[in-house]
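The values are calculated or read from the model by the stated rules, or taken from the named source; none is laboratory data. These figures come from a predicted structure and were not determined experimentally. Using ideal geometry, Cβ is built from the backbone for each residue, glycine included, and neighbour counts are taken over all protein chains shown. Accessible surface is based on the protein model in full, side chains and every heavy atom, while ligands, DNA and RNA are left aside. Shrake-Rupley method; radii C 1.70, N 1.55, O 1.52, S 1.80 Å.
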Amino acid sequence: VRLDQAALRTQANAGTLPTTLRDIVRTPARRAGRAGGAGEAEALRGQLSGLSAADQGRVVLDLVRTHIAAALGHEKPGAIDAERGLMDMGFDSLTAVELRNRLSAATGLRLTSTLVFDYPTPAAMAEYLRTELAPSTAADTSAAPGEDEAALRRAIADVPLARLREAGVLEVLMRLAGVREDPAPTRAESEHAADAIKNADAEDLIRIALAQTDS
């Protein structure tokens, strides 16, 4: 028997679905989680706070998959393919609104009824929600520990020794490295200076930069 699933879901949500059909129709369960409201949304924001963008993405994707599964009547969110089109999963106008309502309650965001069409895969929807929930994080706006120092070392090491001498930096560097600077340093001393740049710690590199500014 061919059944109009969309029509049956409409009846189920309206409470008019015949009892004999309730076991064969996937109906979006209206769970108490929706009543969590601001508390649930606040907890989510707290969970995302301080996480890297990648970790935030995983948390929000799990949330999206959970509510997609609930809207479609699936028991396991793990069955939801993050890259599969939502319309291919069986979403229609009714379940699209149901998902929007669920995610609005879970995130505290004012989401449009076209959410499913604007972000047609779980992955795309999760990334949109992540940027709305946490537009900037410490992990996004600053380098990981040691990255700034490594970048500074590479930048100084790439500067020709002649340029360092013209800027007055080579003398400071060689003094920090314990190398005597003659008017014409030997090749070994020049190589030693280059190695000193690579091995200098952050404090020494800052002193070099300050010495260049003072000159």
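Testing the spin-label approximation: label points 7 Å from Cα along Cα→Cβ at Thr114 and Arg163. State their distance in nm.
5.0
Heavy atoms of the protein only, probe of 1.4 Å, neighbouring chains included. What is the accessible area of Val159 in Å², nearest 10?
Surface accessible to solvent at Val159 totals approximately 50 Å².
What is the range 50-112 by shape, rounded, prolate or oblate, if you read a ≥ b ≥ c off the alpha carbon gyration tensor as root eigenvalues and call it rounded for a/c under 1.5, prolate for a/b larger than b/c, and oblate otherwise?
Judged from the Cα gyration tensor, the range 50-112 comes out oblate (a/c at least 1.5, b/c at or above a/b).
In nm, to one decimal, how far is the Asp88 label point from the Ala124 one, both placed 7 Å along Cα→Cβ?
Computed distance between label sites Asp88 and Ala124 equals 1.2 nm.
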